[in-house]
Structures are given as C-alpha cells and as structure tokens.
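Let me begin by presenting the structure, written as structure tokens, before commenting on it.
The values are calculated or read from the model by the stated rules, or taken from the named source; none is laboratory data. Only a predicted model underlies this, so the values are computations on that prediction, with no experimental measurement involved. FYI the Cβ positions are ideal-geometry reconstructions off the backbone, even for glycines, and counts take in every protein chain you see. Heads up: the accessible areas ignore ligands, DNA and RNA and are worked out on the full protein's heavy atoms, side chains in. Shrake-Rupley method; radii C 1.70, N 1.55, O 1.52, S 1.80 Å.
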Number of protein chains: 2
Amino acid sequence: MSDVRILEIKQSVFADNDKQADELRRELKAKGVFLLNLMSSPGSGKTSTLMQTIAAIGDKVKIGVMEADIDSDVDAKTIAGSGAKVIQLHTGGMCHLDAAMTRQGLEGLETGDVELAILENVGNLVCPAEFDTGASKNAMILSVPEGDDKPLKYPLMFSICDVVLINKIDVLPYFDFDMEKCIENIHMRNPNAKVIPICAKTGEGIDEWTNWLLEQREIWIKEAELSN
Amino acid sequence: MSDVRILEIKQSVFADNDKQADELRRELKAKGVFLLNLMSSPGSGKTSTLMQTIAAIGDKVKIGVMEADIDSDVDAKTIAGSGAKVIQLHTGGMCHLDAAMTRQGLEGLETGDVELAILENVGNLVCPAEFDTGASKNAMILSVPEGDDKPLKYPLMFSICDVVLINKIDVLPYFDFDMEKCIENIHMRNPNAKVIPICAKTGEGIDEWTNWLLEQREIWIKEAELSN
C-alpha cells in the first residue's frame, strides 16, 4: 500500500457559503479545473466507481481525487493504486464539505495540471446536499441494495444532482428493486436528472457514465470560452 | 394502505442536549417505557428488521414505533401493517433527532401502555451518533452490501452502539464482505458492542436479536426497581 497524504480540514468560518461556492466555481473555471462533487450513502460504491472512471478516461483527462471521510485513509489508498493524483481529507467529525472546505482540499491536492477534480464527499444523503461545494456538476450514486424508495425519503439530495448513477445492478436478481419505479421516483424529485444504471464491479454502464462526464466538461469549456 | 399519523417535529431550542436526554431517560424509566434508538445508513433494513422484531415479540411486549424521516410516510405505512402502534416523524430536513425532538415524537405516539418504544432514526451514519436521544439502548444496522470497512470510516456511530446488527447476510455470496474482519473492525471501535448477524428478509438471527433486546429490558427493569 502506498502512503497517501492526509489533510485535516478546518471548519469554515464563512457565513455565506453560496457566495464562497460561486467564487470557487469562477476561479476553477479560470484555471480550467472541472470539479465534480460525488455523493452517496455509505457503501454505495463511490470509490469503486471512481476506480472504473479513472481506468476508462484517465488517459483522456488528468484526474485528481479528494477522498473526504471522518476518519481512515482506506479510500485514498485504493485510489492511489490507480496512479491518479489523490489526497485524503479528514473532516474531523463533520458530516459534509462546504465550499471553503473544498477549497482547502483543492489546495492540498495541488491541482496544477488537473483537468478533472473529483470530490468524494462524506457518505451521507442528508447534509452534503445542503452545501454547495463550488462544483461544476453534482453526481450521486444510489445502489440497488438501498432500495428504490430513497428519492421519497431524501428529496433534497435527488433534487440537486445532475446525474444519478444506479450502482450494483449485478445484484438486481437478489433484491426487491423496481428500476422503473426508482427512475420515476428520481424524476419526481428532479425531472432533469440524468439516470445511468451501472455496475462498478463489472464495468457495465461505465462508458455511458464517462461519456456523459466528458461531454459535460466539453460543454463547460465552451461556456467558459463564450463568457471570455 | 392504512392512513398513518404524521408529526412535523420542531427544531430544539435546548443548548444542553445531554441534560435533556438524561431527564427524558429518567422519566421513561418512571413510566416503564424502554426506548430503543435504531440507527443505520439509508436502506440498511431498519424497517424490515422492525417488522421481524414486531412479529417475533409483539405478543410479549407492547411495542410503539416512531419512524423519523425527512419526508414521506412509506416506513410508517409498512409498520402500520404489522398492527403495532406507529407514528411518522418528519424532521423538516434535519439529519438527526436529539432528546427534545424524541420527546415530541413520544408525545405524538402517546406511549400510554407502550413498554418498548423504538425510534427509527434518520438514515445517516454521522449526525445521529452525535445526539443522545434519551434512549435506554442504542442499536445500529450495518448491511453486507455497505462493506466491512464502515467502522473505520464512521467511528463515533460504532462506538456509541450497544449492539450492531449485520443485516442482509443472505447476499453474502455476492459481495466481498469479510465477516470476521468486520467484527474485528467493530470491536476496535467498541470492544463491548454485541454483534448479531441477521437477515430481515428470511428471519435468520432475529431470535438472537429479540432475545438480546428482551434481556436488556429485563435488566433495565431490575435496575429501576433497585434504584427505587
């Protein structure tokens, strides 16, 4: 196992997170760093999905990953095995990252030539949804074992995400999970959410996901050019 | 589907939650209401485990259930199907319940002859661990698909729980989950935690769990008698 850098994140002192997030988004646009905020419940497969993502497009864009957790460095160690740039962020018990905390993480990561920065947020369907991190796009993973009713119970998370990956579709035969009902529940919360069923274990659906991600980055680059 | 009562919980105004929790615990002891605080990630199987629990011991103790969620009433509707007393609590976006919020829930439930009150907390491994609800015992569910490394990432939750139920053991063959390693990780956080593998779908392990629960209630009754 390679040693990974661990950054202890300090709690933010800024009252106006939305303003901090907009500023960070502007700065990242100027630097050409597309920031993806990846959220989910604990154990939905964020790190496995990132491993597949890096394997699929790591040669097309320079990827840097921030692994946020309350404790441990197991995820950063896993990502380090992919060869991607990575830093482990410790939130000191906090249940989410806000824009100022994300800024600390990006500074710790030393973005440099990074074109796609990915924040793996704390595993939690409630608090991370309440804080704009300054990301260009919000993604979330819902895994099959969690059930198709989650959009009913965690409305905000589903309403702020641009894309919902439905992970662990390889175990669909063993769970009472209605894919059609789940997509219906997601679109009730957010009609514009892109939904992509995937399996981070087998790689199924990863192409559709990474194509979507690269496409969003292209659109974002064109928007930046137009606004200059 | 039966109609269930829904209570909109108000945010607490008390600064000293630990004091509120101790007061509530004392009052519940005087009333003979054993309160269990049940926590887990979203979709770990809290409601299914409660259904099995009610089926197993609902004729031995009078059970009342509080289903806390940010939105929806699907869980309370499910529990209502068991015939147990139930109320749905809406937290208004809040990620946890504290003692004063739990008190509101108990008042809404109208405990009356309830001997075992169960709070199904918001699905979240972070925030609920930080707030003493006034419960006699804390229980949590970790499900197999979430992975055996969760005690490393969510230390507080595992350290405050008296019992950890490892749910969905029927799907062990389909996941890379090392039961021995998981129990080792749990005991690293909390050497005194009782660990019980269960399957809420098939009923496996439910007897061991409900025996433990009834036993804890017996001990608690004896303690109450001694302190009088």
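General remarks:
- Flag for A:T111 being part of a helix (DSSP H, G or I) and within 17 Å of the chain's Cα centre (by Cα): no
- Qualifying residue in the range A:96-114 (condition: closer than 30 Å to B:I166 by Cα, surrounded by 21 or more Cβ atoms within 10 Å (Cβ to Cβ) and in contact (Cβ under 8 Å) with a residue 12 or more places away in the chain): yes
- Considering the conditions (1) open to solvent by less than 20 Å² (accessible area, probe 1.4 Å); (2) modelled with pLDDT of 95 or more; (3) within 11 Å of another protein chain (Cβ to nearest Cβ); (4) under 30 Å from A:M188 (Cα atoms), A:L119 is excluded by exactly one of them, (3).
- For the range B:33-60, filtered to residues that are within 18 Å of B:T202 (Cβ to Cβ) and open to solvent by less than 10 Å² (accessible area, probe 1.4 Å), the residue that is farthest from the other protein chains (Cβ to nearest Cβ) is B:I57.
- The set of residues in the range A:172-191 that are more than 13 Å from chain B (Cβ to nearest Cβ) and without any contact (Cβ under 8 Å) to a residue 24 or more places away in the chain comprises A:E180, A:I183, A:E184, A:H187, A:P191.
- Residue within the range A:192-209 that is in contact with a strand residue (DSSP E or B) (Cβ under 9 Å, 6 or more places away or on another chain), without any contact (Cβ under 8 Å) to a residue 24 or more places away in the chain and on the phi < 0 side of the Ramachandran plot present: yes
- Residue match in the range A:16-31 (condition: closer than 30 Å to A:K168 by Cα and either of a type in the set (A, V, I, L, M, F, W, C) or open to solvent by less than 60 Å² (accessible area, probe 1.4 Å) (or both)): no
- When the range B:61-72 is filtered for residues that are more than 9 Å from every other protein chain (Cβ to nearest Cβ) and either closer than 19 Å to B:N124 by Cβ or outside any strand (DSSP E or B) (or both), the ones remaining, listed by number, are B:V61, B:K62, B:V65, B:M66, B:E67, B:A68.
- Restricting attention to the range A:6-35, the residues that are in contact with a helix residue (DSSP H, G or I) (Cβ under 7 Å, 6 or more places away or on another chain) and either modelled with pLDDT under 95 or in a helix (DSSP H, G or I) (or both) add up to 10.
- Within the range B:153-171, the set of residues being within 14 Å of another protein chain (Cβ to nearest Cβ) and either touching a residue at least 60 places away in the same chain (Cβ under 8 Å) or more than 19 Å from B:D207 (Cβ to Cβ) (or both) comprises B:K153, B:Y154, B:P155, B:L156, B:M157, B:F158, B:S159, B:I160, B:N167, B:K168, B:V171.
- Number of the exception - A:H90 against (1) within 24 Å of B:F131 (Cα to Cα); (2) more than 10 Å from every other protein chain (Cβ to nearest Cβ); (3) open to solvent by less than 10 Å² (accessible area, probe 1.4 Å): (3)
- Unmet criterion (only one of (1) more than 10 Å from chain B (Cβ to nearest Cβ); (2) hydrophobic (A, V, I, L, M, F, W, C); (3) under 12 Å from A:R5 (Cα atoms)) for A:A99: (3)
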